[in-house]
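Trainee: Below is a structure I'd like to ask you about.
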Amino acid sequence: MEKFVTELWESLKKELTHLKQKELGSIDLHKASLLFCNKALQELKLYIYAYHFVNQEEEIHFHKYLAPKFNSAYIFHYRAWKFSLSKSIYGKKAKNREEKEINRFLLRNAELYSYMARNDNYLDAIYYTKIKAQLEIPFDEEFMQIIDKQFVTAHSYKIAQLQAYKKLSFWLQKQQNCISSQNNQAQNIGTNLNWTDTGMSLTEMAYALKYSGAINQGNVDVKTIADALAQVFNTQQVNIYRNKQDLYSRKNQSMFIDKLRKDLIRGLEQSDLGS
C-alpha cells in the first residue's frame with residue numbers, strides 16, 4: 001500500500017513542479033494544479049476503497065501521514081486560487097481577510113497541531129481509524145466532492161487543513177514580500193514617464209499585451225500587466241475587469257490600438273522624409 005501511495009505522491013509533486021516552471025499567472029497556475037491534485041486524489045480513493053488495511057497500525061499510518069499530503073495539496077491550491085481571484089477584485093482587503101481566517105483556524109485547532117508537533121500517539125486509534133473516528137467535526141462543503149467521509153477521518157482532514165493553511169500563510173507572506181520588492185524597485189527607478197491617455201486606453205494595451213503573448217508568452221494575469229503599466233507610467237491603477245466589459249460594449253473595441261498603428265506608420269513615414 002505505502003509503495004503505491006508514495007509513487008503516486010512523487011508523481012503529483014513532479015507534475016506540480018513542472019507547472020511552476022511554466023511561469024503561469026497565479027490564477028492559471030493554481031487552477032491547473034487543482035486538476036492534477038484532483039486526478040491524484042481520485043486514483044488514491046479508488047485504490048483505498050478496494051484495499052483492506054493489514055492492521056490498525058497501517059490504517060493509522062495512512063490517515064495520519066499519507067492521506068493528508070494529498071488533501072493538503074488540494075486545499076492549498078484551491079484556497080490560493082480563490083485568493084488570487086479575490087485579490088484581482090478586492091486587492092489588499094482580500095489578503096487581510098484570508099490571513100484572519102487562517103489565524104482563526106490555527107487557533108481553533110491549536111490542540112491538534114500540538115499533538116502532531118509532539119508526535120503523540122495516545123489518541124491515534126480514536127483520531128485515525130474509521131471505526132472509532134469522531135466524525136462530528138464538520139467538513140467544509142467546498143471540499144466535499146474531493147474529500148468525503150468515506151475516504152478520510154475527521155482528524156485526518158483537519159491535519160490536511162493545518163498543513164495547507166500553514167503553507168498558505170507562508171505563501172501569502174511571500175506574495176507580499178514580492179510586491180514590496182517590486183514597489184521599492186519602481187521607486188528607485190523614479191521615471192518621469194507619465195501616462196497621458198485614458199484608463200480605457202491603458203486597458204486596451206494591457207489586454208493586447210496579454211493576448212498577443214508578448215509578455216511571458218501570455219501566461220500572466222492581465223491585472224498584473226495593467227498594474228505594472230500604471231506603476232511605470234505614474235498613473236492610477238485601472239479596474240481592468242470592469243473596463244473589459246466597457247470594451248465589449250464599444251463599437252470599436254481596439255480604438256487605442258488602431259490609433260497606435262496609424263501613428264506608428266505616420267511617424268515612420270515622416271521620419272523617412274527627414275522630419
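Values in this text are rule-based calculations from the coordinates and carry no lab data. In this text the structure is predicted, and so the values were computed from the model without any measurement. Glycine also receives a Cβ, built like all others from the backbone with ideal geometry; neighbour counts cover every protein chain displayed.
Trainee: Given an 8 Å cut-off on Cα distances and at least 6 residues of separation, report the relative contact order of the stretch 192-272 as a percent.
Mentor: 31
Trainee: Then there's this: Is the stretch 53-122 best put as rounded, prolate or oblate by its Cα gyration tensor, with a ≥ b ≥ c the root eigenvalues, rounded for a/c under 1.5, and otherwise prolate when a/b is larger than b/c, oblate when not?
Mentor: Details: a/c = 5.61, a/b = 1.99, b/c = 2.81.
Oblate, since a/c reaches 1.5 and b/c is not below a/b.
Trainee: A further question on this structure: With charges only on Cβ, +1 for K and R and -1 for D and E, what is the dipole size of the chain about its Cα centre, in debye, rounded to 20?
Mentor: Roughly 520 debye for the chain.
Trainee: Considering only 76, 86, 116, whose Cα is most displaced toward the positive end of the charge dipole of the chain, charges sitting on Cβ of Lys, Arg (+1) and Asp, Glu (-1)?
Mentor: Selected residue: 86.
Trainee: By its C-alpha gyration tensor, with a ≥ b ≥ c as the square roots of the eigenvalues, how is the stretch 1-86 shaped: rounded for a/c under 1.5, else prolate for a/b larger than b/c, else oblate?
Mentor: Prolate is the answer for the stretch 1-86, as a/c is 1.5 or above and a/b outweighs b/c.
Trainee: Which whole-number percentage describes the relative contact order of the chain, with Cα contacts under 8 Å and a sequence gap of 6 or more?
Mentor: On the way: 217 pairs, mean separation 53.0, N = 275.
19 percent.
Trainee: What value, in deg cm²/dmol to 500, does the helix sum -39500 (n - 2.57) over DSSP H runs of n ≥ 4 give at 222 nm once divided by the residues of the chain?
Mentor: Computed mean residue ellipticity for the chain: -23000 deg cm²/dmol.
Trainee: Another question about this same structure. Can you give me the Kirkwood hydrodynamic radius for the chain, using every pair of distinct Cα atoms, in Å to one decimal? Numbers along the way, then the final one.
Mentor: Values: mean 1/r = 0.0452 Å⁻¹.
About 22.1 Å for the chain.
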